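The values are calculated or read from the model by the stated rules, or taken from the named source; none is laboratory data. On a predicted model such as this, the values are computed, not experimentally measured, just so you know. In this analysis, Cβ positions are derived from the backbone assuming ideal geometry, glycine residues included, and neighbour counts consider all displayed protein chains. SASA here: full protein model, heavy atoms, side chains in, ligands and nucleic acids out. Shrake-Rupley method; radii C 1.70, N 1.55, O 1.52, S 1.80 Å.
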Amino acid sequence: METMDSTGGAHPAADGRLTCTLCPHACRLRTGETGFCRARWNDGGVIRAKNYGRLTALALDPIEKKPLHHFHPGSCILSVGSFGCNLACPFCQNADIAMANDQIETEYVAPARLAALAEELRHQPRGNLGVAFTYNEPLIGIEYIMDTAPLLHAAGLAVVLVTNGMISAEPLMRLLPHVDAMNIDLKGWQPDFYRRLGGDLAAVKHTIARAVKSCHVEVTTLVIPDQNDSAGDMEEEALWLASLSPDLPLHISRYFPRWHENTPATPIETIERLAAIARKHLRFVHKGNC
């Protein structure tokens, strides 16, 4: 029998491996092994994040770029990314860092240093709302978020996540009190589609449903021709989101060829059609990249 420790791992099983319990992959790792996400590993009997504080990207962005259109609109936010992801989307828009491992060039930024930088930017002409953990999948570096968030809140700054929502229930509940806003990808409505990406639709739906009760949430669906663009799926997705709140904003975004996906770009007409369906159930439906 395995028992949890405070790092989100487990004590060794009979075969000597640890289970990383952060997300539904539940990677079972021998000492020195790294999980599916390329960031979490078994460090001598403790599950740790190799990407802790190791930043690959840092920029002051408009909050609308996250996209968050209903959370302090008109503000800027310090956006930071690391490396790794617990999905394997062939259409990944940030594959150079999300699909990278610890061999990528990074700069270590301690939580206190990041909070201090965010505070400094607050007094610049463009201002700064807080920190958005984004670009790669931030949840696989949950420890860094948990250590940085109290420092940001103490300075009156916001904590924002741009995430795929692939996290298990227990770590999600530990994280949510530290988060002010999230944009969560709902990549499709069919479990088979999620499985092709290495994901779990039920886990993502659980994340959205719990986060809506705790912080500001907006949802993004990237529409890919002939993969997740059916009218029926959008009808069901919008109905489900509306059951959580008809005021839950939905961003329906246009896909462009990226990384390993060469399908032609989503026709604007498809985005218009799906947005019209979603608007039957949701008050705030935004069209992205049109």
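When ALA278 is tested against (1) over 18 Å from the mean Cα position of the chain (by Cα); (2) hydrophobic (A, V, I, L, M, F, W, C); (3) within 21 Å of GLN93 (Cβ to Cβ), just one condition goes unmet, and that condition is (3).
In the stretch 125-162, the qualifying residues are those that are open to solvent by 50 Å² or more (accessible area, probe 1.4 Å) and in contact (Cβ under 8 Å) with a residue 40 or more places away in the chain, and the one that is nearest to GLN93 (Cα to Cα) is TYR135.
Close Cβ contacts (under 9 Å, 6 or more residues apart or on different chains) running from residues in the stretch 258-274 that are over 16 Å from VAL285 (Cβ atoms) to residues that are β-branched (Val, Ile, Thr) and at pLDDT 95 or above comprise GLU261/ILE224; THR263/ILE224.
In the set (1) at negative phi; (2) over 16 Å from the mean Cα position of the chain (by Cα), the condition left unmet by TRP259 is number (1). Does any residue in the stretch 209-233 that is over 30 Å from THR263 (Cα atoms) come within less than 9 Å, Cβ to Cβ, of a residue that is of a type in the set (Asp, Glu) six or more places away or on a different chain, and which pairs are these? That search, which allows pairs on different chains as well, returns CYS215/ASP180; HIS216/ASP180. Taking the stretch 34-49 as the range and being in a loop (DSSP other than H, G, I, E, B) and either over 19 Å from GLU143 (Cα atoms) or open to solvent by less than 50 Å² (accessible area, probe 1.4 Å) (or both) as the test, the residues that pass are GLY35, CYS37, ALA39, GLY45, VAL46.
Out of THR266, THR221, THR270, one residue alone is part of a helix (DSSP H, G or I) and of a type in the set (S, T, N, Q). It is THR270. Return the only residue of PRO264, PRO249, PRO257 being more than 20 Å from ARG195 (Cα to Cα) and touching a His at 6+ places or on another chain (Cβ under 7 Å). Exactly one residue qualifies, and that residue is PRO249. For the stretch 174-188, indicate whether the set of residues that are assigned to a helix (DSSP H, G or I) and closer than 30 Å to HIS260 by Cβ is non-empty. Among the residues of the stretch 174-188, not one is assigned to a helix (DSSP H, G or I) and closer than 30 Å to HIS260 by Cβ, which makes the answer no. Scanning the stretch 98-122 for residues that are open to solvent by 20 Å² or more (accessible area, probe 1.4 Å), touching a residue at least 24 places away in the same chain (Cβ under 8 Å) and not polar (S, T, N, Q) yields a total of 12. Right, GLU170: acidic (Asp, Glu) and surrounded by 17 or more Cβ atoms within 10 Å (Cβ to Cβ) or not? Taking the combined requirement at face value, the residue does not satisfy it.
Per-residue answers, yes or no, for (1) in a loop (DSSP other than H, G, I, E, B); (2) open to solvent by less than 40 Å² (accessible area, probe 1.4 Å); (3) small (Gly, Ala, Ser); (4) touching a His at 6+ places or on another chain (Cβ under 9 Å):
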site: ALA202; (1), (2), (3), (4): no, no, yes, no
site: ALA211; (1), (2), (3), (4): no, yes, yes, no
site: PRO225; (1), (2), (3), (4): yes, yes, no, no
site: MET234; (1), (2), (3), (4): no, yes, no, no
site: ALA238; (1), (2), (3), (4): no, yes, yes, yes
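When the residues of the stretch 259-281 are narrowed to those that are farther than 25 Å from LEU87 by Cβ and among the acidic types (Asp, Glu), which ends up least open to solvent (accessible area, probe 1.4 Å)? The residue in question is GLU272. Put simply, of PHE256, PHE284 the only residue that is open to solvent by 30 Å² or more (accessible area, probe 1.4 Å), modelled with pLDDT of 95 or more and farther than 21 Å from CYS85 by Cβ is PHE284.
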